[in-house]
Amino acid sequence: MLRLDHLAVSARTLAEGVAAVEFALGVPLVPGGQHPLMSTHNRLLGLGDIYLEVIAPDPDAPDPGRPRWFDLDRFEGRPRLTNWICACDDLAAALAVAPRGSGMITDLERGDLRWRMAIPADGRLPFDGAYPALIQWLGNQHPTRRLPEVEVRLERLEIAHPQAAALREALKGQFDDPRVAVIDGPDMDMRAHFTTPHGPRVLE
């Protein structure tokens, strides 16, 4: 089974993305780190059992020589919620039943964090990015265990897509979380509702 692990807000620059999320939710993000393989960097926000990352190309890193994950090379416009990431205990098994193009297993690390992730060769996840990125954490370390408590929790994640029925079918038997709803929409779009110390807030 897949488990909701974290949400990704993409941005052209990390500063722009952090400013947008901090304004929307009213709480500060904390440093994450660099991803040398992808030439990206991030900042993080703990959400209890899951977390949120703002991710952007790292201008101080060399060209990765391959498409960046989350289709960041084609990203344009304002910072926005673009992806959701699901964890599993056996990445190879999860990929065996995932839609074609979900990615190839890649080993990654940052500090004492170790994980494996399915990364599409072209950076583009199935269903225009509406299908989750798949991750398998290795060892007992996870970002949620080191992020400060800011009393923000995900209430509902809405994933809209013109092929919502097909996306629901692809997830059937693999993922079940009452916070996540796949709905019909004219384009791929994501909207997340949160409870915060300042009342209900929305990211989209």
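Side notes on the structure shown:
- Listed by position, the strands (runs of 3 or more DSSP E) contained in the range 44-110 that have at least 2 residues being within 12 Å of the chain's Cα centre (by Cα) are 50-57, 80-87.
- Extreme residue, nearest to residue 16 (Cα to Cα), among residues of the range 54-68 that are in contact with a Pro (Cβ under 8 Å, 6 or more places away or on another chain) and surrounded by 21 or more Cβ atoms within 10 Å (Cβ to Cβ): 54
- Look at (1) over 24 Å from residue 27 (Cα atoms); (2) free of Cβ contacts under 8 Å to residues at least 40 places away in the same chain and you find that residue 193 fails only one, number (1).
- Of the residues making up the range 23-43, those that are assigned to a helix (DSSP H, G or I) and surrounded by fewer than 21 Cβ atoms within 10 Å (Cβ to Cβ) are 23, 24.
- Qualifying position, being among the aliphatic types (A, V, I, L, M), farther than 29 Å from residue 169 by Cβ, modelled with pLDDT of 95 or more and in contact with an Asp or Glu (Cβ under 7 Å, 6 or more places away or on another chain), among 44, 25, 81, 14: 44
- Filtering 12, 3 for residues that are part of a loop (DSSP other than H, G, I, E, B), surrounded by fewer than 20 Cβ atoms within 10 Å (Cβ to Cβ) and not hydroxyl-bearing (Ser, Thr, Tyr) leaves a single hit, 12.
The values are calculated or read from the model by the stated rules, or taken from the named source; none is laboratory data. Computed from a predicted structure; not experimentally measured. Every residue, glycine as well, gets a Cβ built from its backbone with ideal geometry; the counts of neighbours run over all protein chains shown.
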